[in-house]
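These notes are about the structure you will find just below.
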Amino acid sequence: MNFDNVRIVLVGPLYGGNLGSVCRAMCNMGLSDLAVVTPHKNLDMNDAYKMACHSQHILENMTIHDDLLSAIKECNISVATSARRGLYRTHAVTPREIVPKLTMASDNNKIAIVFGREDNGLTNDELTMCTDILNIPTATENTSINLSQAVLICCYELFVASGEFEPQEEKSDIATMEMREFMFSLWRKTLLEIGFMHEDKADHMMYGLRRILSRDLLSEDDIKILMGIARQAEWAAGAYIADKVDSKYEK
């Protein structure tokens, strides 16, 4: 995904707070090209700067246009966003549906995603000027989304599809079966000694514990914490008896 080729276009924004929040949403998701068409004459730029937390540079570099065409004239794809349904909007798609198309096109094409006025959205003439129509799914009781939130949703879908986000990796390895079995044997011994279960019910109770602790992969650090809890429970109950075998897993 070439984010340099993606432009966010706001048509007739009314509120400085929304303008600033749009800048912040764009910055969060790696976008920086902002075009604004005929902003309201009373739009409060002080509010915009307050809400553009760590993204004031987008606000300072935005371009101002007299009409929508001048904001998108160099773009190859223009996506109009609309909360309304109707004759000219029946082919609208969701952000997730259109993202693959935009991702593929962004390397060699300029893309505009167009957002309308907070009170009235885009006019039909503005809508027909765009190549695609996008509709963000919502509950039927309230289909109108705040301008900056709508921008964030669309930018988020683009960012996730780009594959640029790399989740933090677990710092310890996944525990081996041998380590897991040692931990379960330690818990069996501890639960018997503190009176949580009796020998005749031990297998049944341990099946339950295994089921609980097998709902996700456990790391070596996870296992060590669980073994530490078992040891402390023994000690607190006055039932601690040192193992004759010095376990390599508790070092």
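To keep it simple, each residue is scored yes or no on (1) in contact (Cβ under 8 Å) with a residue 24 or more places away in the chain; (2) exposed (fewer than 10 other Cβ atoms within 10 Å of the Cβ); (3) of a type in the set (Asp, Glu).
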site: Ser162; (1), (2), (3): yes, no, no
site: Glu166; (1), (2), (3): no, yes, yes
site: Asp173; (1), (2), (3): yes, no, yes
site: Met179; (1), (2), (3): yes, no, no
site: Phe184; (1), (2), (3): yes, no, no
site: Met197; (1), (2), (3): no, no, no
site: Leu209; (1), (2), (3): yes, no, no
site: Asp221; (1), (2), (3): yes, no, yes
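Does Arg24 qualify as being buried (at least 18 other Cβ atoms within 10 Å of the Cβ), in the same structural domain as Lys73 (by TED's automatic domain parsing), within 25 Å of the chain's Cα centre (by Cα) and under 20 Å from His65 (Cα atoms)?
Working: buried (at least 18 other Cβ atoms within 10 Å of the Cβ): yes; in the same structural domain as Lys73 (by TED's automatic domain parsing): yes; within 25 Å of the chain's Cα centre (by Cα): yes; under 20 Å from His65 (Cα atoms): no.
It is false that Arg24 is buried (at least 18 other Cβ atoms within 10 Å of the Cβ), in the same structural domain as Lys73 (by TED's automatic domain parsing), within 25 Å of the chain's Cα centre (by Cα) and under 20 Å from His65 (Cα atoms).
So how many residues does segment 151-183 have that are within 30 Å of Leu19 (Cα to Cα) and in a helix (DSSP H, G or I)?
Going through segment 151-183 one residue at a time, the tally reaches 12.
Determine whether Glu97 is outside any helix (DSSP H, G or I) and either surrounded by fewer than 20 Cβ atoms within 10 Å (Cβ to Cβ) or not assigned by TED's automatic domain parsing to the domain that holds Asp33 (or both). So that I can check it myself, show each step before the final result.
Details: outside any helix (DSSP H, G or I): no; either surrounded by fewer than 20 Cβ atoms within 10 Å (Cβ to Cβ) or not assigned by TED's automatic domain parsing to the domain that holds Asp33 (or both): yes.
No; evaluated as a whole, the condition is false for this residue.
Could you list, in sequence order, the residues of segment 217-235 that are of a type in the set (S, T, N, Q) and either more than 19 Å from Ile194 (Cα to Cα) or outside the structural domain of Thr190 (by TED's automatic domain parsing) (or both)?
Hit for segment 217-235 is Ser219, nothing else.
Where residues in segment 27-48 are surrounded by fewer than 17 Cβ atoms within 10 Å (Cβ to Cβ) and not charged (D, E, K, R), which of them is nearest to Asn109 (Cα to Cα)? I'd like the intermediate steps shown before the answer.
Restricting attention to segment 27-48, the residues satisfying the condition of being surrounded by fewer than 17 Cβ atoms within 10 Å (Cβ to Cβ) are 28, 30, 38, 40-42, 44-47.
Among the residues that remain, those that are also not charged (D, E, K, R) are: 28, 30, 38, 40, 42, 45-46.
Working: Asn28: 23, Gly30: 18, Thr38: 25, His40: 30, Asn42: 35, Met45: 32, Asn46: 34 Å.
In this case the residue turns out to be Gly30.
From Pro39, Pro13, which residue is touching a Gly at 6+ places or on another chain (Cβ under 8 Å) and assigned to a loop (DSSP other than H, G, I, E, B)?
Numbers: Pro13 fails: touching a Gly at 6+ places or on another chain (Cβ under 8 Å).
Checking each option against the conditions leaves just Pro39.
Please find, within segment 113-134, the residue that is nearest to Ser78 (Cα to Cα) out of those that are surrounded by fewer than 23 Cβ atoms within 10 Å (Cβ to Cβ) and of a type in the set (Val, Ile, Thr).
Thr131
Scan segment 95-113 residue by residue and report those that are among the aliphatic types (A, V, I, L, M), under 21 Å from Leu10 (Cβ atoms) and more than 20 Å from the chain's Cα centre (by Cα).
Pass one, segment 95-113, residues among the aliphatic types (A, V, I, L, M): 98-99, 102, 104-105, 111-113.
Cutting the leftovers down to under 21 Å from Leu10 (Cβ atoms) gives us 98-99, 102, 111-113.
Correct list: Ile111, Ala112.
Is one or more of the residues making up segment 38-51 farther than 30 Å from Glu141 by Cβ, in contact (Cβ under 8 Å) with a residue 24 or more places away in the chain and of a type in the set (D, E, K, R)?
Checked against the condition, which is being farther than 30 Å from Glu141 by Cβ, in contact (Cβ under 8 Å) with a residue 24 or more places away in the chain and of a type in the set (D, E, K, R), segment 38-51 yields at least one hit.
Taking the condition of being part of a strand (DSSP E or B) and charged (D, E, K, R), how many residues in segment 114-145 meet it?
2
Please determine whether any residue of segment 10-23 is closer than 18 Å to Leu158 by Cβ, in contact with a Cys (Cβ under 7 Å, 6 or more places away or on another chain) and touching a residue at least 40 places away in the same chain (Cβ under 8 Å). Can you show your working first?
Pass one, segment 10-23, residues closer than 18 Å to Leu158 by Cβ: 10, 21-23.
After this cut, where a residue has to be in contact with a Cys (Cβ under 7 Å, 6 or more places away or on another chain) as well, the list is none.
Within segment 10-23 (the criterion being closer than 18 Å to Leu158 by Cβ, in contact with a Cys (Cβ under 7 Å, 6 or more places away or on another chain) and touching a residue at least 40 places away in the same chain (Cβ under 8 Å)), the answer is no, since none of the residues qualifies.
When the residues of segment 49-94 are filtered to those that are among the charged types (D, E, K, R) and surrounded by 13 or more Cβ atoms within 10 Å (Cβ to Cβ), which remaining residue is nearest to the chain's Cα centre (by Cα)? It would help to see each step written out before you state the result.
Filtering segment 49-94 down to residues among the charged types (D, E, K, R) leaves 50, 60, 66-67, 73-74, 84-85, 89.
Next, only the ones that are surrounded by 13 or more Cβ atoms within 10 Å (Cβ to Cβ) stay: 50, 67, 84, 89.
Numbers: Lys50: 24, Asp67: 33, Arg84: 25, Arg89: 28 Å.
Going through the qualifying residues, I end up with Lys50.
The values are calculated or read from the model by the stated rules, or taken from the named source; none is laboratory data. In this text, all values refer to a predicted model and were calculated from it rather than measured experimentally. Counting neighbours? That spans all protein chains shown, and the Cβs are built from the backbone with ideal geometry, glycine included.
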